[in-house]
Amino acid sequence: MRNHTEKSLWKIFSLFIRSRDSDYRGYCKCISCNKTDNYKNFDCGHYIPKGNDLALKYNEINNNTQCSSCNVYKSGNVIEYRRGLINKYGEEIVKKLELSHQFKTTHKKLNQLEINELWKYYSKKFKELKKIKNLYD
């Protein structure tokens, strides 16, 4: 089995999130500003900054498709991001995410086995979405 790096894990996780949020043509909307573009041209943005918290870094609710303008230049555009999350998941889910962050953080590094398993899991999910939605790399 090939050993993957955390950088390659983030890359496949990001592709999964962006393809998850796209339509059958590969287009999606920024969760913060509703700008529409191809999933390849967007970022995978965090609602709650990941920092060293692994529970948030790879949390599928905390990560959503976001344009670079909102993600980078507007520092996440957090107020609009929260509105987008509530529209997508509901207020109760967003509150649970916020509470889980306040009371529990994970400051450990992933070991090689965890990285490999997560990479395999998200690689499989991304491949399934690519097939279903007819997406190209």
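Residue pairs whose Cβ atoms lie under 6 Å apart, separated by 6 or more positions or on different chains, with the first residue in the stretch 1-13 and touching a residue at least 40 places away in the same chain (Cβ under 8 Å) and the second surrounded by fewer than 16 Cβ atoms within 10 Å (Cβ to Cβ), are Asn3/Gln112.
Which of (1) in contact with a Leu (Cβ under 6 Å, 6 or more places away or on another chain); (2) of a type in the set (Lys, Arg); (3) over 24 Å from Lys125 (Cα atoms) does Lys74 not meet, given it meets every other one? Of everything listed in (1) in contact with a Leu (Cβ under 6 Å, 6 or more places away or on another chain); (2) of a type in the set (Lys, Arg); (3) over 24 Å from Lys125 (Cα atoms), Lys74 misses just condition (1).
Filtered by the rule that a residue be outside any helix (DSSP H, G or I) and either at pLDDT 95 or above or crowded, with 16+ Cβ neighbours inside 10 Å (or both), the stretch 114-135 gives a lone residue, Leu135. Among the residues of the stretch 73-96, those that are closer than 16 Å to Lys29 by Cα and at pLDDT 95 or above comprise Asn77, Val78, Glu80, Tyr81, Arg82, Arg83, Gly84, Leu85, Ile86, Asn87, Lys88, Tyr89.
Counting only strands (runs of 3 or more DSSP E) wholly contained in the stretch 1-113, no element carries 2 or more residues that are hydroxyl-bearing (Ser, Thr, Tyr), in contact with a strand residue (DSSP E or B) (Cβ under 6 Å, 6 or more places away or on another chain) and surrounded by 18 or more Cβ atoms within 10 Å (Cβ to Cβ).
The values are calculated or read from the model by the stated rules, or taken from the named source; none is laboratory data. Bear in mind the structure is a predicted one, so any value in this text is a computation, not a measurement. Note that we place each Cβ from the backbone using ideal geometry, even for glycine, and neighbour counts take in every protein chain shown.
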